[in-house]
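K.L.:
This is the structure, below, for whatever I ask next.
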Amino acid sequence: MRHLHVASPYRTRNDEQYTDMKVTITDWKAVAGWRWDVPDDDVCGICRSAFDACCPSCKIPGDDCPLIWGECSHVFHMHCLLKWLGAENSQQQCPMDRRPWVTAS
């Protein structure tokens with residue numbers, strides 16, 4: 001258990017000194033969030049799902065459903081892009097600008 005001393009914003013009766021409140025923290029739960037470093041309104045150009053969501057092949061967003069950036073600056077869910085590049089008619093080109101796909105380093 002941690003003890004915390006907090007200066008009270010309330011003055012004593014004689015209005016000349018502050019009182020201390022003793023607060024004991026008995027429980028603490030951390031909450032965290034994450035998001036990809038892309039603009040809020042961006043979506044995958046292939047599946048049209050938000051980047052904070054996962055691609056149609058995955059059930060849970062996160063490390064198992066990563067994003068992939070091209071040198072052309074377009075971003076896709078990795079699974080969507082791999083499926084696209086594996087299609088015969090993709091010709092290994094970016095689905096957005098049809099330039100040869102090169103993964104950014």
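All of the numbers you see were taken from the coordinates with simple rules; none came from a lab. In this text, all values refer to a predicted model and were calculated from it rather than measured experimentally. Please note: Cβ atoms are built from the backbone with ideal geometry, for glycine as well, and neighbour counts cover all protein chains shown.
K.L.:
Within 10 Å, count the other beta carbons around each residue, average over each peptide in 72-80, 23-31, and list them highest first.
P.N.:
Ranked by mean Cβ neighbours within 10 Å, highest first: 72-80, 23-31.
K.L.:
Starting from the Cα of K59, draw a straight line to each of the lysines and keep only those under 28 Å, dropping any in the same chain fewer than 8 residues away.
P.N.:
Reachable lysines: K29, K83.
K.L.:
Could I ask something else about it? Would you please put 63-71, 47-55, 85-93 in order of how densely packed they are, using the mean number of other Cβ atoms within 10 angstrom per residue and starting with the highest?
P.N.:
47-55, 63-71, 85-93
K.L.:
Set the Förster distance to 30 Å, then compute FRET efficiency between L85 and V31 from the Cβ-Cβ distance, nearest 0.05.
P.N.:
With R0 = 30 Å, the Cβ-Cβ based efficiency is 0.20.
K.L.:
When the convex hull of the Cα atoms of the stretch 21-105 is projected onto a plane and the area is averaged over all directions, what value comes out in nm²?
P.N.:
8.7 nm²
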